[in-house]
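Structure first, commentary second.
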Amino acid sequence: MSDSDEVFLASDKPLAEVAARAAEVLGLELMGEENGEYQYRARGRSFDGWIGVFIEANDYYPEPGEVQAMDLYPVRVDVQSRALKETQPEEARLAFELLSVGLPEVPALLSHNLEVLVAASRPGVGIHYFGENVWLDPPEVEPWRPWVLLADD
């Protein structure tokens, strides 16, 4: 499995509007839109090269009875650095931080490999970086509070 690094956004705005605002904050160049996926590129912030940023609806749904950190985050921002894969986590972290500051009203999560919850940002609460072994779908949600939007909030 190749590494993936995503930012999940909790916005009730239409996807096209969220994508446009995120693109503005991140300084992205629109390459196209296909089947509801907005495809962008930008110069890397941590290296001299290009990154791809793909913004689409979050289609990761939990199994019945399961809770995932990104359940209430309907927008997925997939950050890809194919030329220098080792820079991808840093590029995603920088995108997460820019989005957290540039869209202060929008809660955000940063994940690695759709397994690890790296960080969360919530209006009025701030940005929090989690330690190791904090999972997107743990047996309990207490490590996330108060950082992640949950259905019982």
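Annotation: of all residues in the stretch 17-34 being at negative phi and not in a helix (DSSP H, G or I), the one that is surrounded by the most Cβ atoms within 10 Å (Cβ to Cβ) is Leu28. Restricted to the stretch 35-153, the set of strands (runs of 3 or more DSSP E) holding at least 1 residues that are basic (Lys, Arg), free of Cβ contacts under 8 Å to residues at least 40 places away in the same chain and surrounded by fewer than 17 Cβ atoms within 10 Å (Cβ to Cβ) comprises 37-43. Going by what's in this entry, would Glu29 be described as free of Cβ contacts under 8 Å to residues at least 24 places away in the same chain, over 16 Å from Trp144 (Cβ atoms) and not small (Gly, Ala, Ser)? It is true that Glu29 is free of Cβ contacts under 8 Å to residues at least 24 places away in the same chain, over 16 Å from Trp144 (Cβ atoms) and not small (Gly, Ala, Ser). Looking only at the stretch 52-66, residues that are modelled with pLDDT under 90 and in contact with an Asp or Glu (Cβ under 7 Å, 6 or more places away or on another chain) come to 2 in all. Scanning the stretch 100-111 for residues that are out of contact with any helix residue (DSSP H, G or I) (no Cβ under 6 Å at 6 or more places or on another chain) and under 20 Å from Phe130 (Cα atoms) gives Ser100, Val101, Pro104, Val106, Pro107, Leu109, Ser111.
The values are calculated or read from the model by the stated rules, or taken from the named source; none is laboratory data. Quick caveat, the model's predicted, so the values are computed rather than measured. Heads up, the Cβs are rebuilt from the backbone with ideal geometry, glycines too, and the neighbour counts pull from every protein chain shown.
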